[in-house]
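Right, one structure below, let's go through it.
The values are calculated or read from the model by the stated rules, or taken from the named source; none is laboratory data. Remember, it's a predicted structure, so these values are computed and weren't measured experimentally. Reconstructed Cβ throughout: ideal geometry from the backbone, glycine too, with neighbour counts over all protein chains shown.
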Amino acid sequence: MGLSIRVPGLIKGLGVTFKTLIRTLTKGSHTVQYPRVKEAPTLRARGVIALHEENCTACMLCARECPDWCIYIEGHKYKAPPRRPGGKPRQKNALDRFDIDFALCMYCGICVEVCPFEALFWSPEFEFSEPKLADLLHDKDQLSKWMETVPDFEEYETGSEAKQLEVPR
Amino acid sequence: MGLVENGKLPGPLTKLLNISRKYSLWVYQWGLACCAIEMGAAFASPRYDVMRLGVIPFPASPRQADLVVISGTVTDKMAPAVRRLYEQMPEPKYVISMGSCANCGGPYWDSYSVTKGVDQIIPVDVYVPGCPPRPEALLEGIVLLQERIASEDMTDRWNRDPIVVT
Amino acid sequence: MSSPDTNAEEIIEESIEPQEEPIIDEKREAFVASIKQDLGSGFIDSHIDPEIDVWIRVTQEAWLETAKILFEKHGMNFFNFLSAIDWKPSPFGREMDAAIDNVDDEVAVETEMEWGVAGGEKRFQLLARVHNPVANMGVNLKADLEGDFPEVDTWTPVYPGANWHEREVMEMFGISFKNHPNMVNLYLPTEFEGHPLRKDFPLLSRRAKPWPGIVDVELMPGENDDETEESGEET
Amino acid sequence: MNSEASTQQLSYIANQASDARVNIELETEGMTLNLGPQHPATHGTLRIIVRLDGEQVVSAEPVMGYMHRGYEKLTEVRTYPQVTTLVNRIDWLGSFANEVPFILAAERLMEVEAPARAQWIRTALFELSRIANVVLFLGDMAVQLGATTPVFYAFRDREFVLNQIESVTGGRFHPNFDRIGGIKDDLPKGWIQETKDVLVRIHSFCEEMEDLVVGNEIFQTRTRGIGIIPADTGLAYGLSGANIRSSGVDWDLRRDGGVGLIHDQLDWKVWTHPDGDSFARYWVRLQEVRESCKMVGQILDGIPSGPIMAKVPRIIKVPPGEAYVETENPLGVMGYYIVSKGDLVPYRVKIRSASFNNVSITPWVLKGVYVPDVISILASLYFILGDIDR
């Protein structure tokens, strides 16, 4: 095997890189210039969990189903005025504490899925690094703030029978 | 480094030092699990390209590195190696803990063989949440670290006891 | 979760059994018959899932012999896996299973051993699977093992791939293998104590951390989600 | 192709023999080389203790467990939906594919079957995760042989596949999308067209790799005739997937397995290669990516409409029984042996992961090779640490 046989493959390979160079020069690169420009994650992206506090009844379902045990809920019962005049006072739950430990969370989405009252949503935000581990425990105020970043559910592809959901605002 | 050890540096000099340290972070790639691929995407993918931020992912040994990204599950068997890696790095050194496993055990919080967080072995400067974090989330962690470096006084860093994790 | 509606739903789900004619899987029947003939008293039991899978249970002594027969006579030259099952239920029961806690009845920890398909007698059961890629048929093998720290013949002379699997079983279950070339720990550090996959090995983190779901504020939401707002029933 | 490879193989063996003689004459001393636990040539944290005689490997012994996370124990204390999300992390490059055999095994025990639309989408995601997985291998193998460009291309084009997976499942890496009796959610609008564009991109990536790597003479010299695994040895060690198909065994569970996925309704081909060397393993995987693109293209054209979930109870209790289901995952045969006692949690899950068996051949195949070939053989065997150690 002389030099002549060994060359064509190399030339071809160089051709590929040269083509890529030309394409990058003419059509621009793939790079997202991060701190200035941010890529837009897809609408379903699981970035951070947002809490719609009004919908939460402190039923503990998410805390129980969480594989990591990273949701901490506390609540208390109180008597609410009856809905119809003359009725009995209703017993309601008030939410005292709703914490998610994002350091432990495995971002699986089970809590969002099991929530029967549509109180939890995924937000595609991903920028919440912290220098202190304790700060990754988001309390219910912080979780409610994430609610602003929750996108609307997208429409489904044709042929789907799934029901379109809406995000409570 | 007697200069920095014995007393305060003038302000402008500190600033200059910090800027140069901030934009020449040599990062040692300590890829352990799933996060290693996202770290690889942040470092090698044309889409994220960490070199833009002045982070250079090419040190051949931890002795040349300023920053180590612990990306992935640290097991009890691996922990001594992580510790040794950290001890080999020269001061000033920084650690980013990437992903839930490195933060505090993550999905394996109840496992018999996983260390519950890398901060049990070495001090950590920035925690990046996610499982795994997107490459951009790691970039955010790096930017956060750079901000910390920019506001840091070298003398403090030098004389400081190891960071106590609260 | 423990509402009566769900239980009813499950019962309905179970009662709808497919009413089909029993399928006779001739290929697997013949295979089991042939093994039975070759092994003689080494063969204990078998189970056939028609058109899907086959299980064979042999004695501890016939373990290596079975591998040889499968490899040489039946072309089962693809080695899938080798593992074991600890049939003695965990003595901690509820403590180990977070999800059990929301079922507020039957706290009793089961200690009776109950075996799966093809039966069993002892606490530890070896489980292996080999496959014939040409005929595209696999077989699951089981063997009961005597004692708390059993010993059994290695498969490495027949299937060299069993080497690491046997090391794993040794470390996870405490079952050792005779004539194995390198019987040392595979995964865990040498100072590790205990055999993690035994059911009586506790996961300490799970016991140290309180389960966040234990603080209860109200009944679990049942099927009637609309009424939960009004549901004032006390437990 | 075969004759050329066999001559190369013969010359390789002759070289080795002559070198061995030289070694005797020079009386080199034995030396132990420790690769890893963290080494650029190991994907993750595999440690291999190699004993050398000069440049030749006398024996190689992998030391594992640096990534052992105790999966089989953890599955015993998690409910079925929780196990689904846990097993994502076994083979983290093709994570959706990890869920599929587990779900299929649980479905077999529960005697439910996913509706047609769910099966089609499941298969599409299964193949997309294969593409996401193997594309990285195609770049990574080259980078371990010293070519840096392909890995950049691989990461570039892989991002698009990940985007498609994410826009359906919500997770780039860990989808947690498969459910017993169907899938979690339906496709978003416009996904089919976008995925078709991505497939075009992957096709051109395969062409680029063909020119850049496969046709490259340096790459060929470094991989042809290196690390030859005969078919019967490979089978006895339990090698599977592309590793065994590149030894000439025509066996693919997608075609032969006949479980729950719809590969039998598609038009595709199982590629094999007779050589069994590192080059063959690369080549077969490259063809597999092309076949996967073809399959996804056909699936996208033919997804039937309908529901995506079968009727299953809200609280999943799997009836007592045992089932073993295996599928052809990106790395090879992956199977789950589930023992259920009718509880919320499985009684025992044996995870048969592909890489564990694939790597168990390393002591055999590394014996007698040269040090640089260790890297090319390890790279071509293509393992993922989470898949070995679990």
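Can you name every residue in segment C:189-202 that is within 18 Å of D:Lys350 (Cα to Cα) and either at pLDDT below 80 or not hydrophobic (A, V, I, L, M, F, W, C) (or both)? C:His195, C:Pro196, C:Arg198, C:Lys199, C:Asp200 - these are the residues of segment C:189-202 that are within 18 Å of D:Lys350 (Cα to Cα) and either at pLDDT below 80 or not hydrophobic (A, V, I, L, M, F, W, C) (or both).
For segment A:1-8, indicate whether the set of residues that are farther than 22 Å from A:Lys140 by Cα, in a loop (DSSP other than H, G, I, E, B), away from chain C (no Cβ under 14 Å) and modelled with pLDDT under 85 is non-empty.
Within segment A:1-8, the first condition is being farther than 22 Å from A:Lys140 by Cα, and the residues that meet it are A:1-8.
After this cut, where a residue has to be in a loop (DSSP other than H, G, I, E, B) as well, the list is A:1-2.
Subset that is away from chain C (no Cβ under 14 Å): A:1-2.
Filter once more, keeping what is modelled with pLDDT under 85: A:1-2.
Within segment A:1-8, one or more residues are farther than 22 Å from A:Lys140 by Cα, in a loop (DSSP other than H, G, I, E, B), away from chain C (no Cβ under 14 Å) and modelled with pLDDT under 85.
In the set (1) away from chain C (no Cβ under 14 Å); (2) of a type outside the set (A, V, I, L, M); (3) touching a residue at least 24 places away in the same chain (Cβ under 8 Å), A:Cys56 fails one condition alone, (1).
The residues of segment D:77-109 that are in contact with a strand residue (DSSP E or B) (Cβ under 9 Å, 6 or more places away or on another chain), more than 22 Å from D:Val161 (Cα to Cα) and among the aliphatic types (A, V, I, L, M), listed by number, are D:Val83, D:Ile103, D:Leu104, D:Ala105, D:Ala106, D:Leu109. Given the options D:Arg254, D:Arg281, D:Arg290, D:Arg245, name the one that is surrounded by 17 or more Cβ atoms within 10 Å (Cβ to Cβ), among the basic types (Lys, Arg) and in contact with a strand residue (DSSP E or B) (Cβ under 7 Å, 6 or more places away or on another chain). Checking each option against the conditions leaves just D:Arg254.
Selection within segment A:133-169: residues that are at pLDDT 80 or above and small (Gly, Ala, Ser). The member of this set that is surrounded by the most Cβ atoms within 10 Å (Cβ to Cβ) is A:Ser144.
D:Asp232 meets the conditions (1) closer than 29 Å to D:Arg390 by Cβ; (2) touching a residue at least 12 places away in the same chain (Cβ under 8 Å) in every case but one. The failed one is (2). When segment A:72-124 is filtered for residues that are assigned to a strand (DSSP E or B) and among the aromatic types (Phe, Trp, Tyr), the ones remaining, listed by number, are A:Tyr72, A:Tyr78, A:Phe98, A:Phe121, A:Trp122.
What single numbered condition from (1) more than 19 Å from D:Thr149 (Cβ to Cβ); (2) among the aromatic types (Phe, Trp, Tyr); (3) assigned to a helix (DSSP H, G or I) fails to hold for B:Phe43? Going through (1) more than 19 Å from D:Thr149 (Cβ to Cβ); (2) among the aromatic types (Phe, Trp, Tyr); (3) assigned to a helix (DSSP H, G or I) one by one, B:Phe43 breaks only (1). Within segment D:253-265, the set of residues being in contact (Cβ under 8 Å) with a residue 40 or more places away in the chain and either over 16 Å from D:Val325 (Cβ atoms) or in a helix (DSSP H, G or I) (or both) comprises D:Leu253, D:Arg254, D:His263. Hand me the list of helices (runs of 4 or more DSSP H) wholly inside segment B:57-166 holding 2 or more residues that are polar (S, T, N, Q) and at pLDDT below 85. Helices (runs of 4 or more DSSP H) meeting the threshold: B:154-159. One residue alone among D:Ile351, D:Ile338 is surrounded by fewer than 24 Cβ atoms within 10 Å (Cβ to Cβ), assigned to a strand (DSSP E or B) and touching a helix residue (DSSP H, G or I) at 6+ places or on another chain (Cβ under 8 Å), and that residue is D:Ile351. Scanning segment A:64-109 for residues that are in contact with a Ser or Thr (Cβ under 7 Å, 6 or more places away or on another chain) and closer than 18 Å to A:Glu53 by Cα returns a single hit, A:Asn93. Just one of the listed residues (B:Tyr112, B:Tyr48) is closer than 20 Å to D:Asp387 by Cα, within 10 Å of chain D (Cβ to nearest Cβ) and aromatic (Phe, Trp, Tyr), namely B:Tyr112.
Looking for whichever is over 28 Å from C:Phe149 (Cα atoms), at pLDDT below 75 and buried (at least 17 other Cβ atoms within 10 Å of the Cβ) here; the options are C:Ile12, C:Ile35, C:Ile100. Which one fits? Matching residue, one of C:Ile12, C:Ile35, C:Ile100: C:Ile100.
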